[in-house]
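Sharing a structure below in structure tokens format, with a few things to ask.
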């Protein structure tokens with residue numbers, strides 16, 4: 001199989017864009033909102049995971065819509081932090097924005113459902129054309145996060161791999177772990193983040209759909225205080241690009 005042809009790269013959290021129609025919902029002033037966007041955005045992941053592979057990039061900030069939350073609010077673990085699909089709390093648990101039933105309906109229909117429909121179509125096209133599909137879910141994570149307080153983590157890894165018991169084969173998991181270790185990076189499985197995204201139409205049904213999540217520690221490629229890229233940004237991008245090329249022929 002040629003490199004990249006069965007590959008779908010999903011980048012859900014790279015955007016800081018907030019459409020004008022939602023600006024008035026926020027309680028935060030300009031500077032606080034700017035800081036919250038820096039804290040919560042997987043900044044530069046659209047660049048880090050850039051390749052010739054089919055890539056889906058969610059166009060608006062996760063503060064408006066987080067497409068990687070469960071649609072049922074009661075099933076989503078982050079709902080207790082006010083971080084369901086429609087966020088109501090900041091990363092430090094301050095009031096973020098007003099959310100009413102109308103707002104939720106609009107977000108679900110126009111952003112969440114629309115993105116997942118596109119994601120599903122893309123995966124189905126790969127299955128139809130090539131007989132299988134490999135999903136790489138591209139993220140980054142901060143070195144400080146409210147969520148970590150509930151976890152027993154002595155030291156954060158540089159790369160966290162999220163796997164699914166049905167859709168992440170042992171071969172895929174072991175190859176990915178070994179690759180990043182060979183590039184001198186500290187790697188962990190499913191901690192602090194776990195799981196791998198799959199369209200619901202194939203979830204737990206079709207093993208031809210493989211998926212793995214790659215979480216990159218932000219401190220290795222950017223200054224988390226300013227958002228500026230570090231000098232080794234290009235190297236981290238090269239490591240990820242080479243991974244995408246290699247894993248797509250696995």
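Can you confirm whether residue 128 is at pLDDT 95 or above, loosely packed, with under 11 Cβ neighbours inside 10 Å and more than 25 Å from residue 235 (Cβ to Cβ)? Give the derivation first.
On the way: at pLDDT 95 or above: yes; loosely packed, with under 11 Cβ neighbours inside 10 Å: yes; more than 25 Å from residue 235 (Cβ to Cβ): yes.
Yes.
Being assigned to a loop (DSSP other than H, G, I, E, B), touching a helix residue (DSSP H, G or I) at 6+ places or on another chain (Cβ under 6 Å), at pLDDT below 95 and surrounded by 19 or more Cβ atoms within 10 Å (Cβ to Cβ), is that true of even one residue in segment 62-69?
Among the residues of segment 62-69, not one is assigned to a loop (DSSP other than H, G, I, E, B), touching a helix residue (DSSP H, G or I) at 6+ places or on another chain (Cβ under 6 Å), at pLDDT below 95 and surrounded by 19 or more Cβ atoms within 10 Å (Cβ to Cβ), which makes the answer no.
For segment 13-27, name all the residues that are surrounded by 15 or more Cβ atoms within 10 Å (Cβ to Cβ) and either at pLDDT below 95 or more than 19 Å from residue 241 (Cβ to Cβ) (or both). Working first, answer last.
Of the residues in segment 13-27, the ones surrounded by 15 or more Cβ atoms within 10 Å (Cβ to Cβ) are 13-16, 18, 22, 25-26.
Of everything in segment 13-27, those that are surrounded by 15 or more Cβ atoms within 10 Å (Cβ to Cβ) and either at pLDDT below 95 or more than 19 Å from residue 241 (Cβ to Cβ) (or both) turn out to be 13, 15, 16, 18, 22, 25, 26.
Sticking with this one: Go through segment 95-125 residue by residue and tally those that are in contact with a helix residue (DSSP H, G or I) (Cβ under 9 Å, 6 or more places away or on another chain) and either under 26 Å from residue 236 (Cβ atoms) or outside any helix (DSSP H, G or I) (or both).
Here the count works out to 3.
Of everything in segment 131-152, what is loosely packed, with under 15 Cβ neighbours inside 10 Å, under 16 Å from residue 188 (Cα atoms) and in contact with a strand residue (DSSP E or B) (Cβ under 9 Å, 6 or more places away or on another chain)? Give them in sequence order.
Within segment 131-152, 143 is the sole residue that qualifies.
Within segment 13-50, count every residue that is within 21 Å of the chain's Cα centre (by Cα) and part of a loop (DSSP other than H, G, I, E, B). Explain how you work it out, then say what you get.
At the first step, the residues of segment 13-50 found to be within 21 Å of the chain's Cα centre (by Cα) are 13-19, 33-50.
Subset that is part of a loop (DSSP other than H, G, I, E, B): 13-19, 41-44, 49-50.
Number satisfying all stated conditions: 13.
Cβ-Cβ distance below 6 Å, separation of 6 or more or different chains: which pairs start in segment 97-114 with a residue that is under 19 Å from residue 58 (Cα atoms) and end on one that is surrounded by 15 or more Cβ atoms within 10 Å (Cβ to Cβ)?
These pairs meet every condition: 104/86; 107/65; 107/86; 111/65; 112/65; 112/67; 112/85.
For segment 225-250, which positions are in contact with a strand residue (DSSP E or B) (Cβ under 9 Å, 6 or more places away or on another chain), surrounded by 13 or more Cβ atoms within 10 Å (Cβ to Cβ) and assigned to a loop (DSSP other than H, G, I, E, B)?
Hits for segment 225-250 are 230, 248, 250.
The values are calculated or read from the model by the stated rules, or taken from the named source; none is laboratory data. Owing to the predicted nature of the structure, the values given are computational and were not obtained by experimental measurement. All Cβ positions, glycine included, derive from the backbone under ideal geometry; neighbour counts span all protein chains shown.
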